[in-house]
Structure formats: C-alpha cells, structure tokens
Amino acid sequence: MVDLTNFFRKKLIPYLVNLDFYKKKNQYKSKSKIKFDPVTPLDLKIENDLKTIILKNYPNSSFVGEETKKKINNSILTWVIDPIDGTKNLILGSPVWSNLIGLIINNEPKYGLAFFPVLKKYYFSDSKNSFVFENFKKKIKISSSKTNNLSKSKIVTNTIHTLNNKELFNFFLKHKFLFKVSSMDSYNYCLLAEGKIDIIIEAGVKFVDIMPLVPIIRNSGGVISNWHGEKVLSSGNIVVSSNKRLHSIIVSILKKIL
C-alpha cells in the first residue's frame, strides 16, 4: 500500500494554508452559455499550481481536474482535484467553499482532503481514519453518527436539482424531523463525517466533487452509494448515510419510490 500522508501534509496542505489569493476580489465568467457555471481566476490558479506540485513529485500518475485537461497514464495513482468546490458560495461571500484533493489508488479512493480556508479548518482522511484540523492545527479524529432511526434522522440535500425529482420531493415533504436544503456543497459531507448530519441525498454530483470526499465519508464510518445502493457513482445520483444500518433503510425506500 502506497502511503502518501506525508506528501499531503508537507506539500499540498502547506500550499493551501499559505494561499491568500482568495482574499482578493475575484472576477468570474460562466463556462456555459446555457446556464450559469462560474469559474474564477482562483479556480485556475489553484488547479494549475496543484497540478504542477503533484506531477513534479509523481510524474507518472494520472490527473483529473475540474478546469484543466485530463492526464491519464497507466498508473496506480489518480489524483482528483476540484480547485474550488462551491464557486457560487465564493462569489456570494459565503465561507463554506473548499479546495478538494482526492487520491485514487488501484481504482479505490484512498485519500481525501477538503480544505476550508475561510473557516480555517480542513478535513483529511488517510487510508484508515478521518480527521478535522481546527485552526489548521488541532487534530481531532471524527466519526459519523450511529443513528439508525429514519424518523429521527437529520436529512440534507444541497441544491434544488434534487428537488426536481417528484418522488424525492414528496419524500422530503413527508419527513417529520429535520430536513434542509443547505447549499453548503462539500461541507455537508464533512459534517456527516463529524456526526452532525445523518443522510445526504443528491442528484447530478460531478466526479471531481465527490471522489475526494469518499475516503472522508467511509473512514468516519459513513456509507456512500448511488440511489440503487451500488458503489458506482458515475450517475451523479448519490445517497450518503452515517452508518450501514441507516443506509440499508434509506436505500430500500429509494428503490421503492424511484
């Protein structure tokens, strides 16, 4: 097993900690003429800088980013980067945008980093455990909730895209406990890993948005799959639960209503 914990801690995290470019006023443009899909100079800078650092140290690895051309090699290592997850939050001045870095080894997501510069914290998963680092320093091991009662579960979705599904919309309406459309992007998944959210249901999630978060979720005790309970996440329709029992319950419901 390749151990790249020190590379994250000595190269990638220090780069993000020292980055103050985000404090400047960022211009933006839309990547699409059909819908508003913003990109800023910060997106491009972070991805290009990270790509340079990673490929300098691991030149034969594959690289998949949100903003730049893919580099696919015959390597056991594939890096997945979303330079700014939550660009709209950045534009609006919301603090819950992040930098996401994931590492897939032999087709399995093994390392994940969700870095929140404004919140001054980051979430990191090595090959075994998940942690939150408060003020970029205080290390706390995290674990997801053991709640297995659906009626007492805190359920979250991120955007209105998920609500476009009538069956899911009705399911959310009927849930008697806490339900929220949060618009907090990757922070939702990190809060689930901390035990503060029990279920997340999403539609249309991009590969670069979710793969860096998979190790953080799994190594905290959480479970992630598509709506049919399968590990394949390429459809972008995903459900995340805080534990296996709760996941089994919610997937069985989704299979019936979808």
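Once you place label points 7 Å from the Cα toward the Cβ at residue 52 and residue 24, how far apart are they in nm?
It is 1.4 nm.
Once you sort the root eigenvalues of the Cα gyration tensor of region 150-257 as a ≥ b ≥ c, which label holds: rounded (a/c under 1.5), prolate (a/b larger than b/c) or oblate (the other case)?
Rounded shape, in that the Cα axes give a/c under 1.5.
Taking 0.36 nm per residue of separation and subtracting the Cα-Cα distance, what length does fully extending residue 108 through residue 44 add?
Between residue 108 and residue 44, full extension yields 20.4 nm more.
Please give the charge dipole size of the chain, origin at the Cα centre, charges +1 on K and R Cβ atoms and -1 on D and E Cβ atoms. Round to the nearest 20 debye.
Here the size comes out at about 400 debye.
Residue 195's amide H: which non-local residues (gap 5+, or another chain) put their own amide H closer than 5 Å, with H modeled 1.01 Å from N in plane and none for Pro or chain starts?
Close amide H contacts, sequence-distant or interchain: 145.
With unit charges on the beta carbon (Lys/Arg positive, Asp/Glu negative), name the residue among 195, 87, 224 whose Cα is farthest towards the positive pole of the charge dipole of the chain.
Comparing the listed Cα positions along the dipole, 195 ranks first.
Select from 101, 64, 234 the residue farthest towards the positive end of the dipole of the chain; place +1 on Cβ of Lys and Arg, -1 on Cβ of Asp and Glu, and compute about the Cα centre.
Projecting each Cα onto the dipole axis, the largest value belongs to 101.
How high is the relative contact order of region 150-257, in percent, counting Cα pairs under 8 Å that sit 6 or more residues apart?
So the answer I get is 27 percent.
Which whole DSSP H helices in the chain pass both tests: a Cα extent of 15 Å or more along the axis and a mean Kyte-Doolittle value no lower than 0.0?
Correct list, ordered by number: 244-257.
Amide H to amide H, which residues 5 or more places from residue 142 or on other chains are under 5 Å from it, using H placed in the peptide plane?
Distant-sequence amide H within range of residue 142: 130, 131, 132.
If you take the charge dipole of region 160-258 about its Cα centre, with +1 on Lys and Arg Cβ and -1 on Asp and Glu Cβ, which of 246, 179, 214 is farthest toward its positive end?
246
For region 5-141, place one equal point scatterer on every Cα, skip the solvent, and apply the Debye formula. What is log10 of I(q)/I(0) at q = 0.14 Å⁻¹?
Log10 of I(q)/I(0), two decimals: -0.66.
In debye, nearest 20, what is the charge dipole magnitude of region 1-116 about its Cα centre with +1 on Lys and Arg Cβ and -1 on Asp and Glu Cβ, if you could check?
My answer is approximately 360 debye.
With charges set only on the Cβ (+1 for Lys and Arg, -1 for Asp and Glu), what does the dipole of region 150-257 come to about its Cα centre, in debye to the nearest 20?
420 debye
Could you sort out which of 120/166; 10/88; 23/137; 31/137; 11/206 sit more than 28 Å apart by Cα distance in this structure?
Those over the limit are 120/166; 10/88; 31/137.
Apply 1/(1 + (r/R0)^6) to the Cβ-Cβ distance of residue 161 and residue 6, taking R0 = 30 Å, and write down the FRET efficiency to the nearest 0.05.
That gives a FRET efficiency of 0.20.
Give me the net charge for the shell around residue 237: Cβ to Cβ below 14 angstrom, other residues only, Lys and Arg +1, Asp and Glu -1.
-1
Here, each number is a calculation from the coordinates, and none is a lab measurement. This is a predicted model, so every value here is computed, not measured. Using ideal geometry, Cβ is built from the backbone for each residue, glycine included, and neighbour counts are taken over all protein chains shown.
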